[in-house]
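Input: a single structure, listed below in structure tokens.
The values are calculated or read from the model by the stated rules, or taken from the named source; none is laboratory data. Remember, it's a predicted structure, so these values are computed and weren't measured experimentally. No Cβ is skipped: glycine too gets one built from the backbone with ideal geometry, and neighbour counts run over all protein chains shown. Note: areas computed on protein heavy atoms with side chains; ligands, DNA, RNA excluded. Shrake-Rupley method; radii C 1.70, N 1.55, O 1.52, S 1.80 Å.
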Amino acid sequence: GLAVVWAEENSREAIFSALRRKEVYGTSGPRHVVRFFAGYHYPEDLCESGELAARGYAGGVPMGADLPAAPADRAPRFVVSALRDPGTEARPGALLSRLQIVKGWLDREGRTHERVFDVAGDAKSGADVDLASCEPRGPGADALCAVWADPEFDPAERAVWYARVIENPTCRWTTRVCNAGGVRCDDPSQLEEGFGPCCDAQVPKTVQERSWTSPIWYSPVGGGRGAP
């Protein structure tokens, strides 16, 4: 996995400042470029504006921050943007499948809840991978972006949101090892020592790599995650 820091410059001071304000995200390995902001007045066409980052900061807060108290009769809007990992000529990065926003909240009775919202892309696009060659098949995106308003926002409840980026399926590392070893599951007698899992149906053959951002927090009293 990788940790990514949104710092003003490549210096010790700037990097540690970003870590302290939690403007960071993690990935399971790919080098995605991910932005995540929340505010109350983002326009629907922000993804097409060409100024997503500048307007994201100006009109709200980035990943890792506390969302101010909600204005009357207004739910927060979230902006999430992701670029695929370009990879290398020998091994290109996978296309993106979808963007999600994961919400957790504490209701008025003190019970915790979680819900996942698909906000861009298509989970049912049919994209998959040829297990014999590990070549990807089907549609996907080089970039995805969405402006999303929480349809279930309750200004009286504490809540937290983070963004998740999910790639199209790719071969799991074990599948690549098995292919490189020339494993043939139709003839178990030919399996070399250590290659048994290649033919075990319980071992996944594919994986969907992903990224996940630091959360954005909301408290009804405007004090963020530490508020009473």
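Comparison of Glu48, Glu44, Glu89 shows that the only residue that is under 24 Å from Gln208 (Cα atoms), acidic (Asp, Glu) and surrounded by fewer than 18 Cβ atoms within 10 Å (Cβ to Cβ) is Glu89. For Asn168, the conditions (1) over 21 Å from the mean Cα position of the chain (by Cα); (2) under 23 Å from Thr27 (Cβ atoms) all hold with the exception of (1). The residues on offer are Arg137, Arg164, Arg176, Arg172, and the sole one that is in contact with a Gly (Cβ under 9 Å, 6 or more places away or on another chain) and either of a type in the set (Lys, Arg) or more than 15 Å from Leu96 (Cβ to Cβ) (or both) is Arg137. Figure legend. Inter-residue proximity from the stretch 110-138: first residues in a strand (DSSP E or B), second residues open to solvent by 80 Å² or more (accessible area, probe 1.4 Å), beta-carbon distance below 9 Å, spacing 6+ or different chains. Indicated pairs: Phe117/Pro151; Asp128/Pro136; Asp128/Arg137; Val129/Glu135; Val129/Pro136; Val129/Arg137; Pro136/Pro92. Condition first: surrounded by fewer than 17 Cβ atoms within 10 Å (Cβ to Cβ), in contact (Cβ under 8 Å) with a residue 12 or more places away in the chain, closer than 30 Å to Glu193 by Cα and among the polar types (S, T, N, Q). Can you find one or more residues in the stretch 169-177 that meet it? Yes, the stretch 169-177 contains a residue that is surrounded by fewer than 17 Cβ atoms within 10 Å (Cβ to Cβ), in contact (Cβ under 8 Å) with a residue 12 or more places away in the chain, closer than 30 Å to Glu193 by Cα and among the polar types (S, T, N, Q).
Does Pro228 satisfy the criteria of being open to solvent by 50 Å² or more (accessible area, probe 1.4 Å), part of a loop (DSSP other than H, G, I, E, B) and at pLDDT 90 or above? Against the criterion (open to solvent by 50 Å² or more (accessible area, probe 1.4 Å), part of a loop (DSSP other than H, G, I, E, B) and at pLDDT 90 or above), Pro228 does not qualify. Take the conditions (1) touching a residue at least 24 places away in the same chain (Cβ under 8 Å); (2) more than 22 Å from the chain's Cα centre (by Cα); (3) not in a loop (DSSP other than H, G, I, E, B); Val203 misses just one of them, which is (3). What number of residues within the stretch 104-146 satisfy the criterion of being at positive phi and exposed (fewer than 13 other Cβ atoms within 10 Å of the Cβ)? Here the count works out to 2.
Here is the figure for the stretch 150-168: residues that are open to solvent by 50 Å² or more (accessible area, probe 1.4 Å) and either among the acidic types (Asp, Glu) or within 19 Å of Glu44 (Cβ to Cβ) (or both) total 2. Only one of the listed residues (Trp161, Trp148) is farther than 24 Å from Arg31 by Cβ and part of a strand (DSSP E or B). That residue is Trp148. Number of residues in the stretch 67-86 that are open to solvent by less than 80 Å² (accessible area, probe 1.4 Å) and without any contact (Cβ under 8 Å) to a residue 40 or more places away in the chain equals 1.
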